[in-house]
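Visitor: Dropping the structure in here first, questions after.
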Amino acid sequence: MRHRVAIIAAIAAIVLAGALFSRVQFGQLAHPLLWHDEALTAVFGERVLEYGYPKVHGPDGQAHYPMHHDLSVGTHETWDAYIGSPWLQYYFAAAGVAWAKRSDDLYEKTRRVRLPFALAGCAGLMILLLTGLSALHGIKQRLLFAALYLGALSYSVLLVLHLREVRYYALTVLLVACAVSITAYRDIFRNIGGAIYTVALAVVCLLLFNSFYLAFVGLGLGLAINALLESLPDDTTARADADFIGVLLPKLGPLILAALAAIPLLYFYEVFDVAAAFPDRYATPKNAYGYKLLGLIKGLLRYEFLAAALVFRAGVQFCLRTASSQAKQATAQRRQFAQLLACIIVCYAAVVAFAPFYYERYSIALSPLITLLLLIDGFTIWDLQKEHRREFAHKLVVVICGLTLLATLFIRFPEFSGRLAETSSPIEGPLDQVVAYITANYEHPEDLVIATNYEDPSLRFYLGSQVVIGWFNPDVERDLAADPDIIIPRPGNRHLDELKLLASKGSYAQKTFPLMNTHANNVPSLAPWNHSRWVHRFATPKVGADDTERTFILERTRP
C-alpha cells in the first residue's frame with residue numbers, strides 16, 4: 001500500500017512540476033516582439049528562404065551585417081554570404097520564418113518563430129532527464145528524480161529565458177545533451193554499439209561546431225578528459241600501455257573525426273580572421289580572460305545551482321570514505337555519469353570564457369548540466385550514507401547540503417516570482433507599440449524608409465521596410481543619403497548624430513507613446529555585470545515623471 005501511495009504521489013509531483021515548467025518556458029511565448037538579436041537570426045532565416053543561404057545584401061542593396069567591422073570581415077566575397085557566425089541557427093530559423101509568413105498577426109508571427117527554438121531546447125532537457133534516469137534504480141527513485149529535475153528547471157529562470165530566444169542557445173543545449181547522452185549510453189550504460197557511437201557523436205559534434213564554435217571546443221575537451229580518466233587503470237587493474245591506448249582511442253575516435261571534418265569549415269567561415277578582428281575593438285580590462293571567467297562563475301553561482309552542486313560534489317567524496325563496497329558498487333554508474341558531467345562543465349566554462357566579452361548566453365548549456373549533476377550527486381549521497389545515517393558527520397553532510405540548496409533557492413526567488421508574473425501579464429517594449437502603430441497607420445509599410453539606431457533588424461522583419469543607420473551601420477555613407485519617412489531614436493548616444501542629420505533635411509512631426517524608451521525591447525540576460533549591462537525586465541516599463549523618457553518617433557510631414 002505504501003509503495004502504491006508513494007508512486008502515485010511521485011506521479012502527481014511530476015505532473016505539477018511539468019505544468020510549472022511548461023508555464024515558465026512557454027507562457028506568453030509571443031510577447032514581447034523579437035528584440036535585436038532574435039531578429040538578426042530571423043532576417044537571416046528570411047535570406048535563407050530567398051537565396052538558400054544567409055546573404056548579406058538584400059534586393060534593395062541594404063546590408064544585413066551584425067558585426068562592428070567593415071564588410072570585408074565576416075563576409076564571403078564571392079557569395080556575399082555572412083560568415084561571421086556559423087549557419088545552423090539561420091537554417092533552423094527558416095522553418096519558423098516560413099510558418100510565420102502565413103500569419104498577419106504580429107504576435108502570432110513571433111510565437112511561430114520562437115516555438116521551434118523553445119521546443120529544441122526542451123528536447124535537449126528531456127534527453128538529459130532520460131539519460132539521468134538510466135543511472136537510477138527502481139520506479140520510485142526514478143519518478144522522484146524526474147519530479148525534482150522538472151521542478152529545478154522551472155526555477156532556472158536564466159535557462160528558460162534563453163531557450164525562448166530565436167538564437168543558437170537552444171540548439172547548443174540540444175546538441176550538448178545529445179553528446180552527453182551518446183557518450184553515457186556507450187561508456188557507462190553499455191546500450192549502444194561502437195559504430196553507432198562513433199557516427200552519432202561525430203555528427204552531433206560537427207553540428208555543434210555549426211552552432212557555436214566555443215561549445216564545440218569546450219565539449220570536445222571535456223569528453224576527451226573524461227575518456228582519459230576512464231581509460232586510466234584503477235587500483236585493481238594492471239593495464240599495459242597498449243591496452244590503455246586500445247581503450248582510449250575508440251573513445252576519442254568520434255572527436256577526431258569531427259575535428260577533421262570541421263577543418264574545411266574553419267576556412268570557409270574564416271574563423272581565425274574573424275576572431276583576430278575582435279581584440280582591436282574589445283581589448284579592455286573588463287574583457288580580459290580572468291574577468292570573463294569570474295563573471296561566468298558568478299553568474300552560475302547567483303542564477304543557477306553551481307554553489308549547491310559544488311557542496312554536493314564534496315558531500316559525495318566525503319561519503320565515499322566510509323561507504324561499503326556494496327554501496328560503492330551500487331552507485332558506480334551514477335558516479336561515472338557525474339564525472340562525465342563535471343568534466344564537461346569545467347572544460348566548457350574554461351573555454352567559453354575566451355569569448356570576446358561576457359554574456360550568460362555563452363555558458364547557458366551548462367545550466368541543465370549543473371542541475372543534473374546536483375540531483376545525481378544528491379541521490380548518490382543519500383544511498384552512500386544509508387549505513388551511517390545515525391553518525392553525526394553524515395547527518396552534518398546532509399544538513400549542509402540541504403541548507404546550501406535552500407539558500408540557493410531563496411536567493412533566486414525574485415527572478416522566479418518575476419517570471420511567473422510575466423507569464424500572467426505579458427509585457428511590452430518600445431517595439432511593440434511602434435510596430436503596431438506603423439502597421440495600423442501605413443497601408444504598405446514595406447515601402448517605407450525608416451531610420452533608427454537600434455533594433456533595426458526587428459523593424460525589417462516585422463515591417464519589411466528599408467531600415468537605415470541601425471546599430472552596426474556598415475553602409476553609413478549610403479544611409480546618410482536616404483530620405484526616411486520615419487525616424488525612431490532609441491536611448492544612448494550611438495548614431496544619434498546621424499539620425500539628427502537625417503531629421504534636419506526634412507520636416508517631421510513627433511508621435512509619442514505611453515511607454516519608456518528602453519534600450520532594448522527586452523533581453524534574456526540577468527547578470528548586471530554582462531557586457532551591455534542590460535538585464536531582463538519582468539514587467540512593462542512605465543514612463544516616469546520626465547516625458548523625455550517616453551518612446552517617440554518622427555514622422556515626415558509632406559506638403
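None of the figures in this text is laboratory data; all of them are computed from the coordinates on show. Source: prediction; values computed, not measured. Ideal geometry is used to build each Cβ from the backbone, glycine not excepted, and the neighbour counts take in all protein chains shown.
Visitor: Exposure proxy check: H388, H137 ranked by fewest other beta carbons within 10 Å?
Guide: Result, fewest neighbours first: H137, H388.
Visitor: Tell me whether region 244-314 comes out rounded, prolate or oblate; compute the Cα gyration tensor, take square roots of the eigenvalues as a ≥ b ≥ c, and use a/c under 1.5 as the rounded threshold.
Guide: Note, shape of region 244-314 comes out oblate.
Visitor: Check each of the trypsin sites (Lys or Arg not before Pro) in region 150-257 and keep only those in coil by DSSP with at most 14 other C-beta atoms within 10 angstrom; list them in order.
Guide: R190, R239
Visitor: Oh, and also: All other residues with a Cβ under 13 Å from the Cβ of E477 taken together, and with Lys, Arg as +1 and Asp, Glu as -1, what is their net charge?
Guide: -3
Visitor: Next question, about the same structure. Compute the FRET efficiency between V5 and A314 as 1/(1 + (r/R0)^6), taking r as their Cβ-Cβ distance and R0 = 35 Å, and round to the nearest 0.05.
Guide: It comes out at approximately 0.55.
Visitor: Separate question: For a bin width of 10 Å, list the pair-distance distribution of region 1-81 built from all Cα-Cα distances, rounded to whole %.
Guide: 15, 28, 16, 14, 13, 10, 5, 0
Visitor: Kindly state, to the nearest 0.05, the FRET efficiency for T78 paired with V247, given R0 = 60 Å and r defined as their beta-carbon distance.
Guide: 0.85
Visitor: Based on alpha-carbon positions alone, could you give the equivalent ellipsoid semi-axes of region 89-174 from the gyration tensor, as √(5λ), descending, whole Å?
Guide: Gyration-tensor ellipsoid for region 89-174: 31, 12, 11 Å.
Visitor: Let me ask you something else. May I ask you to evaluate 6.51 cos²θ - 1.76 cosθ + 1.60, the Karplus curve with θ = phi - 60°, for each residue of region 404-420 and list the ³J(HN,Hα) values in order in whole Hz, giving x for glycine and proline?
Guide: 4, 5, 4, 5, 4, 5, 5, 5, 8, 4, x, 5, 5, 5, x, 5, 4
Visitor: Enter the angle in degrees (range 0 to 90, nearest 10) between the Cα long axis of helix 139-155 and the first principal axis of the Cα atoms of the chain, meaning the one along which they spread out most.
Guide: For 139-155 against the chain, the angle is about 30 degrees.
Visitor: Taking neighbour counts of Cβ atoms within 10 Å as a proxy for exposure, in what order, fewest first, do W35, W534, W471 appear?
Guide: Ordered by Cβ neighbours within 10 Å, fewest first: W534, W471, W35.
Visitor: Return the tail of the calculated pair distribution for region 380-448, meaning the percent of Cα-Cα pairs more than 15 Å apart.
Guide: 73 percent
Visitor: Okay, moving on. Where the Cα atoms of region 26-72 are projected onto their three principal axes, how long is each span, largest first, in whole Å?
Guide: On the principal axes, region 26-72 reaches 41, 25, 16 Å in Cα extent.
Visitor: Continuing with the same structure: Give the angle, between 0 and 90 degrees and rounded to the nearest 10, that separates the Cα long axis of helix 271-282 from the longest principal axis of the Cα atoms of the chain.
Guide: Tilt relative to the chain: about 70 degrees.
Visitor: Which value at 222 nm does the chain reach when only helices count, each DSSP H run of 4 or more adding -39,500 (n - 2.57), with the total divided by all residues and rounded to the nearest 500 deg cm²/dmol?
Guide: It comes out at -20500 deg cm²/dmol, rounded to the nearest 500.
Visitor: Evaluate Rg over Rh across region 456-559, taking Cα atoms for both radii and Kirkwood's formula for Rh.
Guide: Taking Rh as the inverse mean 1/r over Cα pairs, Rg/Rh reads 0.98.
Visitor: Here's a follow-up. By the gyration tensor of its Cα atoms, with a ≥ b ≥ c the square roots of the eigenvalues, what is the shape of region 133-196: rounded for a/c under 1.5, prolate for a/b over b/c, or oblate?
Guide: Since a/c reaches 1.5 but b/c is at least a/b, the shape of region 133-196 is classed as oblate.
Visitor: Let me ask another. What FRET efficiency would be calculated for the residue pair L119, A98, taking the C-beta separation as r and a Förster radius of 22 Å, to the nearest 0.05?
Guide: According to the calculation, E is roughly 0.90.
Visitor: Nearest 5 percent is fine: what portion of the DSSP beta bridges confined to region 430-556 is antiparallel?
Guide: 55 percent
Visitor: Helix 2-26 sits at what angle to the longest principal axis of the chain, using alpha carbons and giving 0 to 90 degrees rounded to 10?
Guide: Result, in degrees: 20.
Visitor: Is the C-alpha gyration tensor of region 158-271 telling us rounded, prolate or oblate? Criteria: a/c under 1.5 is rounded; beyond that, a/b larger than b/c is prolate, otherwise oblate.
Guide: Note, shape of region 158-271 comes out prolate.
Visitor: Something else now. Could you calculate, for region 493-554, the ratio of the Cα radius of gyration to the Kirkwood radius, expressed as Rg to Rh?
Guide: Checking Rg against Rh, the ratio lands at 1.05.
Visitor: Considering the Cα positions of the chain, please state its Rg to one decimal place and its Dmax as a whole number of Å.
Guide: Every Cα atom of the chain included, Rg and Dmax give 25.7, 92 Å.
Visitor: Give the order of K292, K140 when sorted by the count of other beta carbons within 10 angstrom, beginning with the fewest.
Guide: Placing the least packed residue first, the sequence is K140, K292.
Visitor: Return a whole-number percent for the relative contact order of region 430-556, with Cα pairs under 8 Å and 6 or more residues apart as the contact set.
Guide: It comes to 26 percent, rounded to a whole number.
Visitor: Using Cα pairs under 8 angstrom and six or more residues apart, how large is the relative contact order of the chain, in percent?
Guide: So the answer I get is 18 percent.
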